[in-house]
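Have a look at the structure below before the remarks.
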Amino acid sequence: METNYLPPIPLSDSNLKITAIETSIPLDLFPGLLLCRIHTDQGIIGCGESYYIPQAIEAVIHDYFTHRLLGADALAIESHWRFLYERCANIGVRGAELKALSAIDLALWDILGQVCNQPIYRLLGGPVREKIKVYNSCGNPNYGPSTTRAHGWPGMGTIGEPGPLGDSWKLFHEPAALAKELVELGYSAIKTWPFDTAAIMDGPSNISWKDIDEAIKPLQEMRDAVGYDLEILVDGHAHFHLPAGLRIAEGLREIKPLWLEDIIKMDNINTLADFRRQSRMPISVSEMLLTRPDYAEVLEKQAADFVMIDPTWVGGISETKRIGDLAQTYNIPVSMHDCTGPLTLFAGIQVGAALPNAFYQETVRAQIQTVYKDLIDEVPEIKQGHIDLPTRPGMGVALNPDLFKKGREGYRISKLK
Ligand SMILES: [Mg+2]
């Protein structure tokens, strides 16, 4: 009987069968993370990840997705993606469902890469470049990770402490030295979020010119220190309404940022397009969107100059590649979000290596050099503002097996009976 959805592919001897799915929430290291491993009957293990409200993602994977995946063909990535997406679309396809699908999709691509003995970017048709250009976001070792066992609110992290990796702190206290240091290391761009404090105190409808002047001062000091050797990116973490956003854009005009990211809320794409037209500034949109329909509306309404994607939120490597290709048809470059976990970074690198219109990969050196080391077996090295393409098969990295030990808090496994 024909059906209008995709049934599981019949297994043959050559298929890899999914035998178990494990998840781990590393509450002691990075409490917003959901780590995932898919096991197969031939011993290959795929790693995946998503971020934010991990307990909800864990529930979707174990209590919902395993009914489709356990015992199924591990290599039928598109079949599983479409089936799970459509079942989730029936109930709103937002939040935890898309994040769970993203984590699974990463792990399945990791398995396929290992089976083929190739990095994922080769299976996507790459490479189209020899290395990935990155910028440094002004995080700090505790921006995201936490010792309190609870993740904070998005866009409301603290500026942290002074120290070699305290880039949030340096942005406000030593911006010229920070800019010089990054240029010396070979970075070509820095991401800042100087308006968060004003937003939390006074937002979202207005921001005073005094607060704007105060927030822009460090950016001006960076310009004075290194001129245009460093592109400046400004993220508003979607704190503001349109009138406040327009004031911020006006205040930033002389700084000449590469882009303004998520200054206003992403709730209404018509308003976003209006913001772009009125501000006459380059606008980046946005890791806060999910799946192609969201991005298609943004592109069709000419609301963005740059597209930003989080591979572990939009629907994994599969959907990131498709959104990137969609943006290409509008001649819009695509950058990949991180700040949220090591496999998010690696997934962005893998797709970026195969996407002609990939532009920048976000990186947070304060996380890569600290907590990422505890989560994966090999952290990427940033050299002259670039990361070399991974050479290992699959994702190019594996999650730390100690995080998947039976009895560890935050660990859960579902097995084929
Ligand atoms: Mg952002």
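Read-outs: derived from the displayed coordinates by stated rules, not from any lab. Owing to the predicted nature of the structure, the values given are computational and were not obtained by experimental measurement. Using ideal geometry, Cβ is built from the backbone for each residue, glycine included, and neighbour counts are taken over all protein chains shown.
Each part gets one Cα centre, and for region 342-377 versus region 39-64 those centres are 19 Å apart.
Considering only GLY92, ALA296, MET266, and ranking their Cα positions along the charge dipole of the chain that arises from unit charges at the beta-carbon of Lys, Arg, Asp and Glu, the one farthest toward the positive end is GLY92. Estimated from the Cβ-Cβ distance and a Förster radius of 41 angstrom, the FRET efficiency linking ALA150 and GLN42 is about 0.60. FRET efficiency for LYS217 and GLU181, Cβ-Cβ distance as r, R0 = 25 Å, nearest 0.05? After rounding to 0.05, the efficiency reads 0.85. If you find the alpha carbon centre of region 187-261 and of region 153-180, how far apart are they in angstrom? Distance between centres, Cα-based: 15 Å. Extension gain for THR271 to LYS373 (0.36 nm times residue separation, less C-alpha to C-alpha distance): 32.6 nm.
Highest average first, the peptides 90-100, 113-123 ordered by how many other beta carbon atoms sit within 10 Å of their residues are 113-123, 90-100. Its Cα centre serving as origin, the chain has a Cβ charge dipole (Lys and Arg +1, Asp and Glu -1) of approximately 580 debye. Backbone N atoms of region 267-281 closer than 16 Å to the 7 Å Cα→Cβ label point of LYS256 belong to residues 281.
Taking a straight line from the alpha carbon of LYS180, these lysines sit under 28 Å away, with near neighbours fewer than eight places off in the same chain left out: LYS131, LYS133, LYS170, LYS191, LYS210, LYS217, LYS256, LYS373, LYS383. Counting only Cβ charges, +1 for Lys and Arg and -1 for Asp and Glu, the dipole size of region 145-220 around its Cα centre is about 140 debye. Considering only PRO401, ALA238, THR40, and ranking their Cα positions along the charge dipole of the chain that arises from unit charges at the beta-carbon of Lys, Arg, Asp and Glu, the one farthest toward the positive end is THR40.
Summed over qualifying helices (DSSP H, 4 residues or more, each -39500 (n - 2.57)) and divided by its residue number, the chain shows a 222 nm mean residue ellipticity of -11000 deg cm²/dmol. Here the calculated FRET efficiency for TRP209 and GLU381, from their Cβ-Cβ distance with R0 = 41 Å, stands at 0.45, rounded to the nearest 0.05. Each other residue within a Cβ distance under 12 Å of PRO342 adds +1 if Lys or Arg and -1 if Asp or Glu, for a net charge of -4.
Considering only GLY324, GLY46, GLY251, the mean-square fluctuation computed in a Gaussian network model of the chain, springs between alpha carbons under 10 angstrom, is largest for GLY251. The slack between ASP28 and LEU326, meaning 0.36 nm per residue of separation minus the straight C-alpha distance, is 103.4 nm. What net charge do the residues around ALA177 carry, taking every other residue with its C-beta under 13 Å from that of ALA177, with Lys and Arg at +1 and Asp and Glu at -1? Charge balance near ALA177 sits at -4. With point charges of +1 on the Cβ of Lys and Arg and -1 on the Cβ of Asp and Glu, referenced to the Cα centre of region 303-375, which listed residue (TYR372, THR329, ASN357) lies farthest in the positive direction of the dipole? Value computed over the given set: TYR372. If the chain linking ASP202 and GLN278 were pulled fully straight, counting 0.36 nm for each residue of separation and taking away their Cα-Cα distance, it would gain 25.1 nm. Relative protection proxy for 150-160, 192-202, 29-39, from highest mean packing down: 29-39, 192-202, 150-160 (other beta-carbon atoms within 10 angstrom).
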